[in-house]
Amino acid sequence: MDSKSFININAELSFSVLVAWGILRAYGKFLNLPVRAPRWSVAANKVWVLGISVAVFGLLFNIKSDHLNGVFWLLTMAGTVALLLRIRDYRPARTILLAIAPFALHYLFEFLAKALGNGLLDEYDDAFDTAQGFAFIWLATFLLIARSQKKNLEAERLLREEEEQNKRRIEAQNMELERLVSERTVALTQQTEELRYTLTELKTTQAQLIQAEKMASLGELTAGIAHEIQNPLNFVNNFSEVSAELVQELEEECQKAERDPELENELLADLKLNLQKITHHGQRASSIVRGMLEHSRASTGERSPADLNALCDEYLRLAYHGLRAKDKTFNATLETHFDPNLGQVEVISQDVGRVLLNLLTNAFYAVQQRQKRQETGYYPTVTVSTRRTSEGSEIRVRDNGLGIPESVKQKIFQPFFTTKPTGEGTGLGLSLSYDIITQGHNGTLTVDSEEGRGTEFVIVLPE
């Protein structure tokens, strides 16, 4: 091979290497080979090594330049096909493989026809040209399809990345929400424990306040209790003295020589009657003491049958005499209208008694304050009545005192609210009374008042 032929071979092969390198670079960028097939990407960038190898091979074996160039392109296309098969999972790679398949086959047949040199290429030159045109059109068409596929895949990839980002963001938000919920749950649990502790403290304080209020009201009634007990004790003392005199007369009669049986029987009958009176009034005093002990004792919460009429009558007199012990000049009319058919009612006696005591004490206080105004024709009156209704047993406590202003009527059952001067009321009596009736007995406690004319409290205890 002369030097001119060698230069032509190298020039033609160099141009082919340059073109092949450009095409492979374009394919590598299009298919993202540095990521999908790093080694093949490096090999494609070194296609010039294949060109040098083919040139040396042609120089050693004295191969024609056109054949040598064909060998280079066949090897390049074979390597490209192998590369595309390597990354066939990538859809655009499969499309490019379909795109170059007709072109590669046409080039292979043309190379073989030239290598055989039997005039086959000249004879079917038109067919080869037509096949070549078809291969170029096919190549261009599928390259466009591959480009469209890549765009779609890129869009899908971006969409997936966006979805992944959204998913990660949602997961992060969920984790943050879970953290916040966990912190909030811990805080709520702590608050619940604090509230439970506070509630327990409030219940304990309420029980202490109730007991303190009971003892305070009991202290106010000390004089009334003394007055109530004094009456039966006076009877007991008087009848005891009379009985002692009767016994002395009976002893003297027994010592006489001539005894009078009729007188002895009369003395014994009087003595027996006196003892019955003593027993009766002793039991009366005992019942008053027992009632006060029950009033001062903490409530057991157990209901038992009680005579509401007797309960109302007893606390009416206790409240009245309690106020008279403080103010000897105070007098009032006590009116009672008790239903004889009311019968026994299941209640917590000491609690209902405390309610009655509170309402009656307030009633006497109201009429006392109005009496101090010295109105002409006014006389203090407190009325207690009972009756059975379709809703249950009803107790009404009415007074003709000062009445309650409309502005404060809605507040009287609130804890610590009082209309009395400082030091005369705690503001707990009506509040605790309301709780006892509504919560302890599932009943109702209502008030009806007209300022300047009086007030009426109505208690309804369901069956």
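The values are calculated or read from the model by the stated rules, or taken from the named source; none is laboratory data. None of these values were measured; they are calculated from a predicted model. So basically every Cβ, Gly included, is an ideal-geometry build from the backbone, and we count neighbours across all protein chains shown. Side chains are part of the model used for accessible areas, which takes the heavy atoms of the whole protein and leaves out ligands, DNA and RNA. Shrake-Rupley method; radii C 1.70, N 1.55, O 1.52, S 1.80 Å.
Applying Stokes-Einstein at 25 °C and 0.890 mPa s to the Kirkwood radius of the range 301-463, computed over alpha-carbon pairs, gives a translational diffusion coefficient of 152 µm² s⁻¹. Paramagnetic label reach from residue 238 (point 7 Å along Cα→Cβ; backbone nitrogen cut-off under 19 Å): within the range 259-280, residues 270-280.
Here residue 254 sits with roughly 60 square angstrom of accessible surface, probe radius 1.4 Å. Sorting 434, 90 by solvent-accessible area of protein heavy atoms yields 434, 90, largest first, with a 1.4 Å probe. At full extension, residue 86 and residue 157 could sit 23.4 nm farther apart than now, given 0.36 nm per residue minus the alpha carbon distance. For the set 372/411; 272/328; 203/409; 326/411; 203/411; 372/409, the pairs lying more than 32 angstrom apart at their alpha carbons are 272/328.
Starting from the Cα-Cα distance between residue 280 and residue 185, subtract it from 0.36 nm times their residue separation and give me the gain in nm to one decimal. Before the final figure, lay out the partial values.
Working: separation 95, 0.36 × 95 = 34.20 nm, distance 6.71 nm.
Contour length minus Cα-Cα distance gives 27.5 nm.
Around residue 156, with a cut-off of 13 angstrom between Cβ atoms, what is the net charge of the other residues, counting Lys and Arg +1 and Asp and Glu -1?
Residues close to residue 156 contribute a combined charge of 0.
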